[in-house]
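Every number in this text was worked out from the coordinates using simple rules, so none of it is lab data. What you see is a predicted model; the values in this text were computed from it and never measured. A quick note on method: Cβ atoms are made from the backbone with ideal geometry, for glycine too, and the neighbour counts reach across all protein chains shown.
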Amino acid sequence: MDIFERIKNNRGPLGQHAKESHGYFTFPKLEGPISNRMQFRGKDVLVWSINNYLGLANHPEVRKADADAAAEWGMAYPMGARMMSGQTKYHEQLESQIAEFMQKDDAFLLNYGYQGCMSAIEALVDRHDVIVYDSESHACMVDGVRLHQGKRFVFQHNDMESFVKQLDRAKNLTEQTGGGILVVTEGVFGMAGDQGKLAEIVAFKQEYGFRLFVDDAHGFGTIGENGRGAGDAQGVQDEIDVYFGTFAKSMATVGAFVAGDEHVIDYLRYNMRSQTFAKSLPMPIVIGAMKRLEMITTQSQFKDNLWKIANALQGGLKEAGFNIGETNSAVTPVFLSGGLGEATNLTLDLRENHGIFCSIVVYPVVPKDTIMLRLIPTAVHTLEDVEYTIETFKKVQTKLKAGEYVSEGIASWT
């Protein structure tokens with residue numbers, strides 16, 4: 001069969017709904033300055049779907065640092081990959097600052113989070129090694145695992161019995177191949193908000209001799225001392241062998257990093273294909289990231305404000321009887337029962353009649369007949385935002401249970 005003919009006939013689990021959902025439920029356009037309130041289709045909406053955890057996206061100091069660096073350097077400098085012609089003292093300075101903050105020997109800047117995480121995992125292992133990873137690992141981690149030419153075993157999400165079972169399989173296999181074991185998990189799982197059981201995982205390191213890779217995209221900046229992440233929050237920062245963090249969330253910019261022992265990071269610096277063959281981060285990104293890191297490490301009010309809102313939101317939702325799962329991070333899921341038609345009608349009601357914009361998550365990301373509304377509290381939200389949202393959710397849940405959102409297909413929004 002012709003490849004394009006197959007694509008035409010099978011658009012994928014989400015793509016099959018593109019015609020009805022594009023521009024509203026998928027690929028929506030939020031406009032205006034990034035904040036708790038923005039514009040959607042010409043209307044002001046209360047936004048709970050942007051990972052601007054610390055509210056730095058439009059902070060005056062951040063905007064000035066970005067603008068000044070862009071004026072001085074432009075977006076082109078430095079040209080080329082780091083290894084060839086894209087190295088600067090500022091890239092090295094930012095890496096040194098990140099390593100110090102993360103309490104690691106060294107750090108390496110990465111152009112993008114997804115690309116960098118995937119490439120780091122692939123670079124750390126060879127065909128003799130075995131990867132053991134959590135079933136709810138982010139897509140970038142799963143793709144990194146898929147690039148691995150050796151064996152990989154998946155354990156049920158945060159299930160220690162399943163984890164040990166897969167460790168046993170991995171250990172038996174590596175005794176034959178002479179390879180090692182890399183355990184891959186998240187510090188904070190970005191969809192449901194629960195932390196990876198890092199303290200329980202590292203308890204098995206001595207027995208099984210594995211190394212631990214942690215993607216802490218949602219933990220960096222939001223939990224732990226000064227936002228040092230999930231490892232710090234759980235008291236096992238030293239046991240994380242390779243810590244991955246992204247700038248795309250708490251830092252509200254582009255880029256990422258890996259941090260760890262000097263010889264490991266130096267190995268990645270010379271062996272990550274995604275960085276060796278890609279242009280260096282532009283100077284305004286680097287200078288802007290340095291400013292953001294300085295503010296995170298020296299001004300606790302951003303993290304304090306985030307948690308004032310997150311605690312009020314999560315506590316209020318639970319008090320109102322909503323199921324928010326097992327989140328122990330700022331990520332706030334709200335689980336409801338219903339199909340795709342109900343999910344889209346409910347979302348349409350929230351946006352058009354109540355002015356609330358939050359992300360809608362349906363199958364295959366969550367089980368069938370489950371609707372997950374994913375809320376991201378930030379430091380720029382207010383307690384009034386929280387109160388209004390909870391009261392609105394009560395109203396839409398009543399309508400959902402009464403069957404007012406039932407429909408055979410995706411809600412019409414045109």
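Partner lysines whose Cα lies under 25 Å from the Cα of K19, excluding those fewer than 8 positions away in the same chain, are identified as K8, K29, K43, K368. On a 0 to 90° scale, report how tilted helix 340-353 is relative to the longest principal axis of the chain, with both axes built from alpha carbons and the result rounded to the nearest 10. Once rounded, the angle reads 70 degrees. Here's how it looks for L46: its modeled amide H is under 5 Å from those of I356, F357, which are all 5 or more places away or on a different chain.
Derived scalar couplings between HN and Hα for segment 58-68 equal 10, 5, x, 5, 5, 4, 5, 4, 4, 5, 5 Hz in order, rounded to whole Hz, by the Karplus curve 6.51 cos²θ - 1.76 cosθ + 1.60 (θ = phi - 60°), x for Gly and Pro.
Looking at the P(r) of segment 207-304, how many percent of alpha-carbon pairs lie beyond 21 Å? Above the 21 Å cut-off, segment 207-304 has 40 percent of its Cα pairs. Here the Karplus curve 6.51 cos²θ - 1.76 cosθ + 1.60, taken at θ = phi - 60°, turns the phi angles of segment 243-255 into couplings of 9, 10, x, 10, 8, 7, 10, 4, 7, 6, 8, 10, x Hz, with x standing for Gly and Pro.
A convex hull fitted to the Cα coordinates of segment 60-298 yields 109 cubic angstrom per residue.
Annotation for segment 86-104 versus segment 199-223: alpha-carbon center distance of 22 Å. Residues whose amide H comes within less than 5 Å of that of L375, counting only those at least five positions distant or on another chain, are T332, V334 (H built at 1.01 Å from N in the peptide plane).
In terms of Cα atoms, the Rg and Dmax of segment 254-392 work out to 20.0, 56 Å.
At a Cβ-Cβ separation cutoff of 4.7 angstrom, cysteine residues of the chain with no neighbouring cysteine are C358.
Once you reduce segment 252-326 and segment 333-411 to the center of their Cα atoms, the two points are 27 Å from each other. DSSP bridge analysis restricted to the chain gives an antiparallel fraction near 55%, rounded to the nearest 5. Couplings for segment 396-409, taken from phi via the Karplus curve 6.51 cos²θ - 1.76 cosθ + 1.60 with θ = phi - 60°, read 6, 5, 4, 5, 4, 5, 7, x, 6, 9, 5, 7, 7, x Hz in order; Gly and Pro are left as x. Taking amide H as placed 1.01 Å from N in the peptide plane, G221 has its amide H under 5 Å from the amide H of R228, G229, each at least 5 places away in sequence or on another chain. Modelled spin-label separation between T414 and T370, with each label point placed 7 Å from Cα along the Cα-to-Cβ direction: 3.3 nm. Straight-line reach from K197: taking Cα to Cα under 24 Å and skipping same-chain neighbours fewer than 8 places apart, the lysines in range are K104, K151, K165, K171, K205, K249, K303, K318.
Note that the chain carries a Kirkwood radius of 22.7 Å, evaluated over its alpha carbons pair by pair.
Between E72 and N9, the contour length at 0.36 nm per residue exceeds the alpha carbon distance by 17.7 nm. With respect to the chain, whose longest principal axis is taken over its alpha-carbon atoms, helix 262-271 is tilted by about 80°.
Helix 160-177 and the long axis of the chain differ in direction by around 30°, with both axes built from C-alpha atoms.
Think of the chain as a dipole: +1 on every Lys or Arg Cβ, -1 on every Asp or Glu Cβ, centred on the Cα centre; then among V334, I3, F357, I3 lies furthest on the positive end.
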